[in-house]
Every structure is written in structure tokens, then in C-alpha cells.
Amino acid sequence: MVDELYQEIILDHSKRPRNCRSMEDANRKAEGYNPLCGDRLNLFLKVENGVVQDASFVGSGCAISTASASLMTESLKGKSSEEALQLLDRFHQLLTSDVPPGKELGKLVVFGGVREYPARVKCATLAWHTLKSALNGANAGPVTTE
Amino acid sequence: MSTLTKMASAGFDVEQIRAEFPVLRQTIHGKPLVYLDSAATAQKPYAVIEAIRKFHEVDCANIHRGVHELSQRSTEAYEATRVKAKRFLNARSTEEVIFVRGATEGINLVASSWGRRNVKEGDEIIISALEHHSNIVPWQILAEEKGAKLRVIPMNSRGELLLEEYEKLLNPRTRIVAFCHVSNALGTINPAREMIEMAHRAGALALVDGAQAAPHMKVDVQALDADFYTFSGHKVCGPTGIGILYGKAELLDAMPPYQGGGDMIRTVTFEKTTYNDLPYKFEAGTPNIAGGIGLGAALDYLTRLGLDAIATYEHHLLAYGTEALSQISGLRLIGTARQKAAVLSFVIDGIHPHDIGTVLDRQGIAVRTGHHCAQPVMDAFHIPATTRASLAFYNTPAEIDALVAGLQKVKEIFS
């Protein structure tokens with residue numbers, strides 16, 4: 001039922017998002033936009049020596065996109081840029097294929113339920129699309145899910 | 001409710017009507033389907049499904065060309081819809097009834113054909129704050145191409161257009177006013193007749209986007225004195241990919257063709273082509289024949305139920321729904337116009353419309369969530385999106401109750 005999508009941890013992070021703040025000294029920034037539902041997200045990263053020291057976001061969106069951004073920013077800290085991009089691939093795989101999730105996903109496995117709701121996959125991936133844009137240094141306007 | 005019961009005894013039997021819509025008899029995620037998304041597309045009665053099936057099974061041929069029996073049958077069935085659409089809109093003649101893909105194409109046809117010829121640099125085009133993207137973008141494209149100016153009639157917090165502001169926008173440079181008869185996002189019914197009269201007084205033409213009006217009320221283009229009026233087949237219980245553009249004959253006559261191809265020509269040589277008469281001048285290529293025939297069945301169906309009876313029934317359903325939703329704490333209706341069609345657009349504090357839509361879907365309730373292709377409307381209310389329950393004559397008060405129960409469940413999950 002719908003509880004598999006809105007698991008306790010997702011509801012918790014959507015109601016009380018972690019790292020939901022802008023960051024003055026961020027050295028990587030990107031803006032994400034989902035034109036289908038109007039969700040917007042600004043992602044801030046502090047990357048030093050190739051390692052994510054801090055990650056935060058501000059934006060408005062549904063429970064899935066907010067929880068996804070919250071849990072993503074938590075899981076990024078201490079990871080290298082390469083590890084972060086690998087995690088993105090794994091996360092995308094979790095949402096779009098039946099490949100059993102590896103343990104590197106950690107808490108992010110709670111988003112596995114989104115697979116049953118194709119219309120909501122973009123909600124869950126908005127923050128991650130934005131991450132890719134931030135890490136690749138693409139500052140040419142907002143990245144969209146389309 | 002008592003009025004609805006009375007209507008049932010007067011012959012508007014919603015249970016009997018529902019039995020004619022096969023799609024409504026199913027469960028979604030184990031719950032009976034509650035379809036509250038008719039503003040996106042209306043469901044189809046057997047009469048429409050059968051008409052399309054019969055065309056493909058019995059009469060299928062191309063129209064307007066063969067001398068053989070099947071082609072004649074197809075042509076007759078397709079052209080019969082033009083006559084039905086003429087009656088449905090009360091046009092003067094079938095010359096004024098052009099088949100298009102839908103309201104979007106109807107508007108694009110006028111913007112492209114009439115607009116390119118008649119709009120010049122410095123001219124003005126007026127639209128309204130309530131428009132669907134399909135009645136914004138074609139005019140923007142035209143304005144940009146011609147160096148014309150697009151001006152917008154503002155609305156109040158109920159979602160009603162401000163006619164005194166509209167009056168101020170009109171001036172001798174105004175070439176056309178394009179507005180929706182009924183707003184898709186909010187349900188506002190615009191005073192079309194008055195607005196058209198105002199446009200005419202200023203020497204401008206008026207195009208009415210009737211996509212959301214045609215399914216819900218009697219439309220009389222002569223009484224409105226509309227220059228152009230367009231609607232989509234799929235929103236009046238017909239198939240997708242077919243719609244009608246009405247235009248005054250003298251205007252259509254003076255307009256250049258919209259697309260070139262077969263059927264729209266009289267003679268073709270490599271030096272010169274002469275165009276066909278109205279309405280065929282605007283109908284290049286083999287059209288959506290099955291769709292046209294299905295639309296004819298849909299117009300017959302709505303006419304049989306009676307647009308006035310439909311409007312009365314839906315009005316009571318809307319009142320029932322408005323009252324029921326108003327009881328939900330934290331829920332705010334977006335669009336509270338005094339003249340309103342059966343649309344309930346709303347937001348709930350702290351809960352995103354997409355989450356509402358997903359939880360409702362799991363209870364079998366189909367609603368639309370998002371910006372409804374009307375981003376400027378959302379911007380005016382400072383919201384990114386709404387949840388929209390849009391009603392049709394086949395909906396029941398019990399389905400409104402199911403929506404309310406569904407929303408209570410939404411609140412339980414996200415509270």
C-alpha cells in the first residue's frame with residue numbers, strides 16, 4: 001500500500017528536513033527544477049581536496065523530493081566526488097531497476113518503494129540531478145528533470 | 001442532496017448514466033474508481049466507443065475522394081458531425097465549422113492564419129490571467145514575430161477577471177482579445193458575452209477558448225457574437241485528437257490557409273494553386289476520421305442528456321463538494337468565483353499536491369495535481385501547484401464523500 005512509499009523515515013525527513021539551510025561559504029552550487037510539478041531546489045556543497053565536507057539545500061517540493069534532498073545531503077558528507085557520483089548511479093538503479101540494492105546505499109534504500117510509482121521517480125531524483133550539476137561545475141542555469 | 005434526488009426523479013438518473021460509461025466500472029488498487037479528472041479528459045460512453053468501432057469494422061475508408069460505397073459512408077458519417085457541431089454551437093452554417101485536433105490547434109490556427117495577416121508592429125493582443133498555456137503561447141509567438149504587444153487582464157483573489165481593468169487595456173491598437181470561457185485551473189466562468197461586446201466596441205475581434213465550457217453549458221456562438229470559438233472533442237466525452245474551431249464565415253473567408261496539402265485545394269499546378277472553399281480550405285490532409293465520427297456520437301449523447309440538465313446537476317454537485325471540502329481544516333480552495341463550473345482546486349497546509357495525488361490514487365481516486373498548464377495562474381496565487389478535483393455529470397455525491405475520506409487519510413499520513 002501507500003505505506004511502502006511513505007515509509008517512516010521518509011515522512012520524518014520530509015517534515016523535519018536535515019541540512020535545510022543555505023551555505024555562505026559553499027564552493028559548489030546548483031539549482032534544480034522539476035517543470036512538471038514546479039518543485040525547486042538549491043543545493044550547496046563545500047568540497048575540499050575532492051571530498052564533500054558539507055552539503056545543504058533549500059527549496060520547496062513534495063515529501064518525496066524533500067526527504068530525498070535531506071537524506072542525500074546527509075549521505076554525501078565525507079564522500080569524494082567520485083563516490084558521490086557512484087552513489088547517484090546506485091540510487092538511480094534503485095528507482096528504475098530490479099537489481100538488489102547494495103549496502104553502500106545505507107538509509108537511501110527506503111526510496112526503493114518509489115519504483116512502484118513511476119510518476120514519482122523524478123521527485124526522488126531531483127536532488128541527485130542537481131548534485132551532478134553541482135559536482136560537474138555546470139553553472140549554466142537550473143538543471144531540470146526533463 | 002435533495003435537489004439531486006429530485007433531478008433523479010425528473011429523469012437525470014446518474015446511476016443509469018454511469019452504467020453507460022464502461023471505464024467507471026472498475027477498481028483501482030482494490031477500491032472502486034472515483035474519477036475526478038474530467039477537466040483533463042472526460043470518460044467515454046458506449047455510444048462513442050461503438051461509433052468508432054463501427055467505423056473501423058464496417059465503414060472504414062478515406063473521405064471526400066472515392067466514388068465507392070465505403071468512402072461515401074465514411075464521408076457522410078464524418079460530415080454529419082460537422083452538422084451536429086453546427087447545431088451544438090448554433091453556428092450559422094457548416095462552412096463556419098472547421099475540424100481541428102483540439103482547442104490548442106484551433107487557437108494556433110487563428111493566431112497563425114488570421115494573426116499573421118492582421119497583426120502588425122505596435123498592435124496589441126489581449127489575453128487574461130486565467131489562460132491555459134495553449135491560449136498564451138500561440139499569441140506570444142505571434143507577438144514576438146510581429147513586434148506586437150501582449151497584454152493581460154488581471155484577476156482578483158477569487159479568480160474573477162477585473163472587467164474595469166480590461167476596459168482600460170482596450171484601445172484602437174487592440175486587434176484581438178483571446179480568453180477562456182471557463183478556467184481550467186479554477187473553474188471561473190467568464191462573462192463571455194460582455195467581454196466580447198467590449199472587444200467589439202474597441203474594434204477588436206474576440207476568440208473564446210471553450211475547452212472547459214463546452215462540456216458543461218449550452219454554448220451559442222451567435223448569442224455570444226464570438227468571432228472564433230474552439231473546443232476539444234475529448235473533453236465532451238469524445239475521442240482525443242479531434243476538436244472544432246468555429247469562425248465567422250466572412251473572417252474565415254478572408255484568412256489564408258493554415259496548412260497546405262490534399263483536400264484544401266481546388267486545383268494545383270507547379271505555378272499556382274487555388275484553394276478549396278470553406279470549411280475545407282483549413283483542413284489539409286486526411287483528417288482524424290474515426291475521431292470526427294466519435295465526436296459526432298459524443299455531441300449526440302450530450303444533447304440527449306441536455307446541456308441545461310447537465311449544468312444544473314453539476315452546479316448542485318459543485319455546491320455539495322464546496323461545502324464538504326470547506327469542512328476540512330487546513331484546506332484552502334483556490335478559485336472561488338461567484339460564477340463557477342464544476343472544478344474544486346485546493347491546497348492543504350504543509351502537504352504537497354503530488355503527495356495528496358499519490359495517496360488519493362491508492363484509494364482509487366483520480367485527481368489532477370500540478371500547475372494544470374496554467375503556471376501564471378499558480379504564480380498569481382503564489383503557489384507552485386494545486387490538487388484539482390474536476391467533476392462531470394457522471395459523478396455522484398458519494399464520490400465527493402470518498403474524496404473527503406481520502407483527504408482525511410492524507411492528513412493522517414502527513415500530520
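The values are calculated or read from the model by the stated rules, or taken from the named source; none is laboratory data. Note that the structure is a prediction, hence the values are computed from the model and not measured. Cβ atoms come from the backbone with ideal geometry, glycine included; neighbour counts cover every protein chain shown.
I'd like the full set of residues that are assigned to a loop (DSSP other than H, G, I, E, B) and among the β-branched types (V, I, T), limited to the range B:321-338.
Selection gives B:I328, B:I334, B:T336.
Please indicate, with yes or no, whether at least one residue in the range A:115-126 is among the small types (G, A, S), in contact with a helix residue (DSSP H, G or I) (Cβ under 7 Å, 6 or more places away or on another chain) and surrounded by 22 or more Cβ atoms within 10 Å (Cβ to Cβ).
Scanning the range A:115-126, I find at least one residue that is among the small types (G, A, S), in contact with a helix residue (DSSP H, G or I) (Cβ under 7 Å, 6 or more places away or on another chain) and surrounded by 22 or more Cβ atoms within 10 Å (Cβ to Cβ), so the answer is yes.
State which residue is farthest from the other protein chains (Cβ to nearest Cβ) when the search covers only the range B:392-406 and only residues that are in contact with a helix residue (DSSP H, G or I) (Cβ under 7 Å, 6 or more places away or on another chain), hydrophobic (A, V, I, L, M, F, W, C) and in a helix (DSSP H, G or I).
Step by step, filter the range B:392-406, then rank; the result is B:I400.
Using beta carbons and a limit of 9 Å, which pairs, at least six apart or on different chains, have the first residue in the range B:319-332 and more than 13 Å from B:A389 (Cα to Cα) and the second one small (G, A, S) and at pLDDT below 95?
B:G330/B:G350
Any idea how many residues of the range B:216-270 are surrounded by 20 or more Cβ atoms within 10 Å (Cβ to Cβ) and outside any loop (DSSP other than H, G, I, E, B)?
17
Could we say that B:G102 is of a type outside the set (A, V, I, L, M) and under 23 Å from B:E167 (Cα atoms) here?
The answer is no for B:G102.
Which members of the range A:94-117 meet the condition of being among the basic types (K, R) and either under 21 Å from A:L76 (Cα atoms) or touching a residue at least 40 places away in the same chain (Cβ under 8 Å) (or both)?
A:K103, A:K107
Which condition does A:L41 not pass, out of (1) in contact (Cβ under 8 Å) with a residue 40 or more places away in the chain; (2) over 16 Å from the mean Cα position of the chain (by Cα), if it passes all the others?
Going through (1) in contact (Cβ under 8 Å) with a residue 40 or more places away in the chain; (2) over 16 Å from the mean Cα position of the chain (by Cα) one by one, A:L41 breaks only (2).
If you check A:D89 against the conditions, is it surrounded by fewer than 23 Cβ atoms within 10 Å (Cβ to Cβ), more than 14 Å from every other protein chain (Cβ to nearest Cβ) and not in a helix (DSSP H, G or I)?
no
Give the range B:355-403 a look and list any residue that's touching a residue at least 40 places away in the same chain (Cβ under 8 Å) and hydroxyl-bearing (S, T, Y), or say none.
B:T386, B:T387, B:S390, B:Y394, B:T396, listed by residue number.
Here's the yes/no breakdown for (1) of a type outside the set (A, V, I, L, M, F, W, C); (2) buried (at least 24 other Cβ atoms within 10 Å of the Cβ); (3) more than 9 Å from chain A (Cβ to nearest Cβ):
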| residue | (1), (2), (3) |
| --- | --- |
| B:G350 | yes, no, no |
| B:D355 | yes, yes, no |
| B:L360 | no, yes, yes |
| B:A366 | no, no, yes |
| B:T369 | yes, no, no |
| B:C373 | no, no, yes |
| B:D379 | yes, no, yes |
| B:H382 | yes, no, yes |
| B:S390 | yes, yes, yes |
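Hey, can you tell me all the residues within the range A:37-76 that are in contact with a Pro (Cβ under 9 Å, 6 or more places away or on another chain) and at the interface with chain B (Cβ under 10 Å from one of its Cβ atoms)?
A:C37, A:G38, A:D39, A:R40, A:S60, A:G61, A:C62, A:T66
With a cut-off of at least 1 residues that are among the aliphatic types (A, V, I, L, M), name the helices (runs of 4 or more DSSP H) lying wholly within the range B:82-192.
So the answer is B:103-109, B:137-146, B:163-169.
Would a scan of the range A:29-36 turn up a residue that is within 14 Å of chain B (Cβ to nearest Cβ), part of a helix (DSSP H, G or I), out of contact with any strand residue (DSSP E or B) (no Cβ under 6 Å at 6 or more places or on another chain) and at pLDDT below 95?
no
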